[in-house]
Amino acid sequence: MKSVSLYTCAPQLSNDMAEVLRLYMGNITLLVNEAGGDFCITHTEEIKENQRLVSACMEGKTVQESADLTGDEVIDKRLRRRMAKLCIYSLMKAHFGFTPPWGSLTGIRPTRLVYAEMEKGRTLDEASAQVQRIFDVSSEKLSVMRDIITVQQTLPVPQQDEIDIYIGIPFCVSRCAYCSFLSGEVGNGKLLTPYVDALEREIQLSLRLLEEKQLRPRAFYMGGGTPTSLPAPLLARVLTAARPLMERCSEVTVEAGRPDTIDRDKLQALLDARVTRISVNPQTMHDETLQRIGRHHTCKQTEDAYRLARDMGFDHINMDLIAGLPGENLSMFRQTLDWLRDLSPESMTVHTLSIKRASLLHLWEAQLPDGDMVADMVRAGAAAAKEMQMEPYYLYRQKYMAGNQENVGYALKDHACLYNIDMMEETANVLAMGAGAASKRLFDRKGFIKRAFNVSDICQYIDRVEEMAQRKRELWEMAEEDAKEETKEGTVLS
Ligand code: SF4
């Protein structure tokens, strides 16, 4: 692993700068204001005549950025961070001689940048050009963003009094090697009933809050973990408790991601609850890969679960794939796409493998696959979606992604998942229930967001569920001026 000595007058920006260094060097050890790195970078700042001047220097090369101070603390802070990152980016690009697909961008929601430019009165074309100019985003990725925004603009915009509903079931039947979700294995099942008891209580209290604040549910999403890892009677209990929320939403999704958790009884419970969309996630159609990544099911099980759901009447089934899984090459990924095309789901999300710190792959010190190969896989995914007449409708990026690519959701016309869009664009309030769930309130002021987090530990959640409901109440009773500022700068403008 390479190490970098970063001498900076703003150590609070060192993580931001390190993100750019990782675009070029992968995992690095960052030595802040310490000698001994393989590379040595100096970052300086000064304010002169109402301008911030930022420079960075490495191996005799110096780059500079400057911006007028606006007097708005939030904007100035954002620009300061951006300039530091851009300086490091210019140094890296000059040294390593290549341009990453997303240029200098390291944030998870790149489309927000285009929207931010459009909010200044620019057209989509002008906003895209501006984003390309500032952040050096490739034309290929810019075109994906434009297609996504074009689709999103045809969909209903969340209103101030609307709210998305999230319910988390933090259990799964075994741990996929790439998984970093909060999920405990079902194990001996002892926690399942107490968890559902607590969740029912939280749903009840949340309903009361919703009524009092006159919030209108918009999109419903049950995820986790894998909700269908609950036995059918417990799943039915959650669905019954959530029914008053679900029936007021235009879209109701339940993750049935693991085919080995799906059976007729559970699907019937979902149908009875009027779930409109489920996810049955193959990830790959190669059995040897499934075993390698700890998914204890076969491709045949995926196909059987999919066909059962279809036969029982589900008319929107989503399927997720991952490009760059360990041991896979382009032709294997193409085979997965061909197989998926034959099944004809209404939507699919093509993920790119990312090795998150909380995953087993990270523990095993697995390496990311070749970036060029993964880029070709992502292109193959886009081409297959087009053949299936699907349009891209949302995207997000993650840290430590193979080839610095992205995850893109595709859907047939009128099948885009509003909840996914709302999450990625941060355009809707969220009332979230369950261990580790995060509720979100958007204040009137643009970009002003405050969150309330539920505890992640399942036992703690069970013991403290009343407190979790109270946290949400406090969030919705907080006056805007009392809320601590939590702007979207971290995700929007990086
Ligand atoms: S199925 Fe989903 S939640 Fe379960 S272990 Fe795999 S990635 Fe994690």
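Inside the stretch 323-368, can you point out the residues that are in a helix (DSSP H, G or I), among the hydrophobic types (A, V, I, L, M, F, W, C) and at pLDDT below 95? Hits for the stretch 323-368 are Leu360, Leu361, Leu363.
Output yes when any residue across the stretch 99-115 is without any contact (Cβ under 8 Å) to a residue 24 or more places away in the chain and of a type outside the set (Lys, Arg), and no when none is. Show your work before the answer.
The first filter runs over the stretch 99-115 and keeps only residues without any contact (Cβ under 8 Å) to a residue 24 or more places away in the chain, leaving none.
For the stretch 99-115, residues without any contact (Cβ under 8 Å) to a residue 24 or more places away in the chain and of a type outside the set (Lys, Arg): absent.
Could you check the stretch 64-83 and list, in sequence order, the residues that are part of a helix (DSSP H, G or I) and either without any contact (Cβ under 8 Å) to a residue 40 or more places away in the chain or closer than 16 Å to Glu49 by Cβ (or both)? Correct list: Glu73, Ile75, Asp76, Leu79, Met83.
Table: residues versus (1) over 24 Å from the mean Cα position of the chain (by Cα); (2) surrounded by 19 or more Cβ atoms within 10 Å (Cβ to Cβ).
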{"site": "Gly294", "(1), (2)": "no, no"}
{"site": "Arg307", "(1), (2)": "yes, no"}
{"site": "Asp311", "(1), (2)": "yes, no"}
{"site": "Leu321", "(1), (2)": "no, yes"}
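Cβ separations smaller than 7 Å between residues 6+ apart or across chains give the following pairs from the stretch 323-345 residues that are farther than 17 Å from Arg307 by Cβ to residues that are aromatic (Phe, Trp, Tyr): Ala323/Phe333. Applying a threshold of 6 Å to beta carbon distances and a minimum spacing of six or more residues, or different chains, the list of pairs starting in the stretch 381-398 at a residue that is more than 12 Å from Asp147 (Cα to Cα) and ending at one that is assigned to a strand (DSSP E or B) and of a type in the set (Phe, Trp, Tyr) reads Ala385/Tyr410.
For the residues Ala428, Ala452, Ala438, Ala411, the requirement of being surrounded by 23 or more Cβ atoms within 10 Å (Cβ to Cβ) and touching a strand residue (DSSP E or B) at 6+ places or on another chain (Cβ under 8 Å) singles out Ala411. Please determine whether any residue of the stretch 91-98 is crowded, with 21+ Cβ neighbours inside 10 Å and of a type outside the set (Gly, Ala, Ser). Among the residues of the stretch 91-98, at least one is crowded, with 21+ Cβ neighbours inside 10 Å and of a type outside the set (Gly, Ala, Ser), which makes the answer yes. The residues of the stretch 114-163 that are farther than 20 Å from Glu251 by Cα and not in a helix (DSSP H, G or I), listed by number, are Glu119, Lys120, Gly121, Arg122, Thr123, Asp136, Val137, Ser138.
From the list Ser55, Ser128, the one residue that fits, being buried (at least 16 other Cβ atoms within 10 Å of the Cβ) and over 27 Å from the mean Cα position of the chain (by Cα), is Ser55.
From the list Leu235, Leu245, Leu239, Leu270, which one is touching a Lys or Arg at 6+ places or on another chain (Cβ under 6 Å), over 30 Å from His362 (Cβ atoms) and buried (at least 18 other Cβ atoms within 10 Å of the Cβ)? Reasoning before the result, please.
Numbers: Leu245 fails: touching a Lys or Arg at 6+ places or on another chain (Cβ under 6 Å); Leu239 fails: touching a Lys or Arg at 6+ places or on another chain (Cβ under 6 Å); Leu270 fails: touching a Lys or Arg at 6+ places or on another chain (Cβ under 6 Å).
After ruling out the rest, the residue left standing is Leu235.
Apart from one condition, Arg175 fits all of (1) surrounded by fewer than 20 Cβ atoms within 10 Å (Cβ to Cβ); (2) within 16 Å of the ligand (Cβ to nearest atom); (3) within 16 Å of Ser439 (Cα to Cα); the exception is (3). Right, Arg122: among the charged types (D, E, K, R), surrounded by 19 or more Cβ atoms within 10 Å (Cβ to Cβ) and either more than 22 Å from Thr42 (Cα to Cα) or touching a His at 6+ places or on another chain (Cβ under 6 Å) (or both) or not? Against the criterion (among the charged types (D, E, K, R), surrounded by 19 or more Cβ atoms within 10 Å (Cβ to Cβ) and either more than 22 Å from Thr42 (Cα to Cα) or touching a His at 6+ places or on another chain (Cβ under 6 Å) (or both)), Arg122 does not qualify.
Scanning the stretch 405-419 for residues that are in contact (Cβ under 8 Å) with a residue 40 or more places away in the chain and out of contact with any helix residue (DSSP H, G or I) (no Cβ under 6 Å at 6 or more places or on another chain) yields Glu406, Asn407, Val408, Ala411, Leu412, His415, Ala416, Cys417, Leu418, Tyr419. Looking at Val144, Val157, Val151, just one residue is touching a residue at least 60 places away in the same chain (Cβ under 8 Å), under 20 Å from Ala428 (Cα atoms) and either touching a strand residue (DSSP E or B) at 6+ places or on another chain (Cβ under 7 Å) or within 16 Å of the ligand (Cβ to nearest atom) (or both), and that residue is Val151.
Summed over the stretch 353-394, residues that are out of contact with any His (no Cβ under 6 Å at 6 or more places or on another chain) and of a type in the set (Val, Ile, Thr) total 2.
Can you tell me which residue in the stretch 306-336 is farthest from the ligand (Cβ to nearest atom), limited to those that are among the hydrophobic types (A, V, I, L, M, F, W, C) and farther than 16 Å from Pro369 by Cβ? Top of the filtered list is Met312.
Inspect all residues belonging to the stretch 113-121 and state whether any of them is over 25 Å from the mean Cα position of the chain (by Cα) and either aromatic (Phe, Trp, Tyr) or away from the ligand (no atom under 16 Å from the Cβ) (or both). Within the stretch 113-121, one or more residues are over 25 Å from the mean Cα position of the chain (by Cα) and either aromatic (Phe, Trp, Tyr) or away from the ligand (no atom under 16 Å from the Cβ) (or both).
Annotation: Ile163 fulfils all but one of (1) within 16 Å of the ligand (Cβ to nearest atom); (2) in contact (Cβ under 8 Å) with a residue 60 or more places away in the chain; (3) within 17 Å of Gly434 (Cβ to Cβ); the unmet one is (1). Determine, yes or no, whether Ile88 is more than 17 Å from Pro392 (Cα to Cα), in a strand (DSSP E or B), in contact (Cβ under 8 Å) with a residue 24 or more places away in the chain and away from the ligand (no atom under 16 Å from the Cβ). Considered against the rule, which asks whether it is more than 17 Å from Pro392 (Cα to Cα), in a strand (DSSP E or B), in contact (Cβ under 8 Å) with a residue 24 or more places away in the chain and away from the ligand (no atom under 16 Å from the Cβ), Ile88 comes out as no. For Lys93, the requirement of being of a type outside the set (A, V, I, L, M, F, W, C), at pLDDT 95 or above, more than 26 Å from the chain's Cα centre (by Cα) and on the phi < 0 side of the Ramachandran plot is met.
The values are calculated or read from the model by the stated rules, or taken from the named source; none is laboratory data. Quantities reported herein were computed from a predicted structural model and do not represent experimental measurements. In this analysis, Cβ positions are derived from the backbone assuming ideal geometry, glycine residues included, and neighbour counts consider all displayed protein chains.
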